[in-house]
1. Hey, can you grab everything whose amide H is under 5 Å from the amide H of A:Leu46? Only 5+ residues off in sequence or another chain; H modelled, so Pro and N-termini drop out.
2. Which entries in the list B:Lys42/B:Lys96; B:Lys68/B:Lys96; B:Lys68/B:Lys108; A:Lys78/B:Lys68 go over 28 Å, if you measure between the two C-alpha atoms of each?
3. Using a 10 angstrom cutoff on alpha carbons, build the Gaussian network for chain A and name the most mobile of A:Asn71, A:Asn30, A:Asn52.
4. When the Karplus curve 6.51 cos²θ - 1.76 cosθ + 1.60 is applied with θ = phi - 60°, which whole-Hz ³J(HN,Hα) does each residue of the range A:65-78 get, with x for Gly and Pro?
5. Calculate the spin-label point distance for B:Arg61 paired with A:Asp57, positioning each point 7 Å from the Cα along the beta-carbon direction, and give it in nanometres.
6. In peptide B:29-39, how many Cβ atoms from other protein chains are near each Cβ within 10 Å, on average?
7. For the range A:60-101 and the range B:1-35, what is the separation of their Cα centres, given in Å?
8. If I take R0 = 22 Å and measure r between the Cβ atoms of B:Gln51 and A:Arg64 in this structure, what FRET efficiency does the formula 1/(1 + (r/R0)^6) give, to the nearest 0.05?
Amino acid sequence: DAGVIQSPRHEVTEMGQEVTLRCKPISGHNSLFWYRQTMMRGLELLIYFNNNVPIDDSGMPEDRFSAKMPNASFSTLKIQPSEPRDSAVYFCASSQDRVYQPQHFGDGTRLSIL
Amino acid sequence: KQEVTQIPAALSVPEGENLVLNCSFTDSAIYNLQWFRQDPGKGLTSLLLIQSSQREQTSGRLNASLDKSSGRSTLYIAASQPGDSATYLCVTNAGKSTFGDGTTLTVKP
């Protein structure tokens, strides 16, 4: 089992640029979550999908953030335009079942906006 | 709004000691509670998941308990080892996932 795969592992870019983070969930998992982790705010849920459909995006901080899940094996989190305060580690997680099964996390993307 | 608190924020113990990490939450209407460990620069590794109907779960040297009525969970680590050094996070799942800030554990050889 390959686990949840995120890319890139690290991204450094200048403010104003578009940033796209990618996630491949574990095969067979029907729930996918995007989180952001910072020293100040800890881990925050940004959005989660169930069967490729966004269920709750109330954690998405601003309209500059958008997430898509075009199929069961791929999701993207996009920031446009990026700002220095978006610098954080972004995690993707997946689970077989939103309620009864554990979430499995990827290794994260460390994003730095200069 | 759910609030999850973990105490202590940091803990340092000698190898071999048994220890307890605490997690409290304000809203008992949860589906489950999950404990994770996070190593520096890494993602989260799931340790134990306790459903709302369960009282405890065990895996090896780890035992997690859940008391929904008091809004508390504990993670018990027996015979701690230096490899247990990490940050331990608890998260409640109640339609939304709410994480505590974690307890950073250091086990000294």
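1. Sorted by chain and number, the residues that satisfy this are A:Trp34, A:Tyr35, A:Arg36.
2. B:Lys68/B:Lys108; A:Lys78/B:Lys68
3. For chain A, modelled as a Gaussian network with Cα springs under 10 Å, the answer is A:Asn71.
4. Residue by residue, the range A:65-78 yields 9, 9, 9, 9, 9, x, 8, 5, 10, 7, 9, 10, 10, 10 Hz.
5. 4.5
6. Working: counts 0, 0, 4, 4, 0, 4, 1, 5, 0, 5, 0.
Average per residue, whole number: 2.
7. 26
8. Numbers: r = 37 Å, r/R0 = 1.69.
Result of the calculation: an efficiency of 0.05.
Here, each number is a calculation from the coordinates, and none is a lab measurement. A quick note: this is a predicted structure, and the numbers were derived from the prediction, not measured. All Cβ positions, glycine included, derive from the backbone under ideal geometry; neighbour counts span all protein chains shown.
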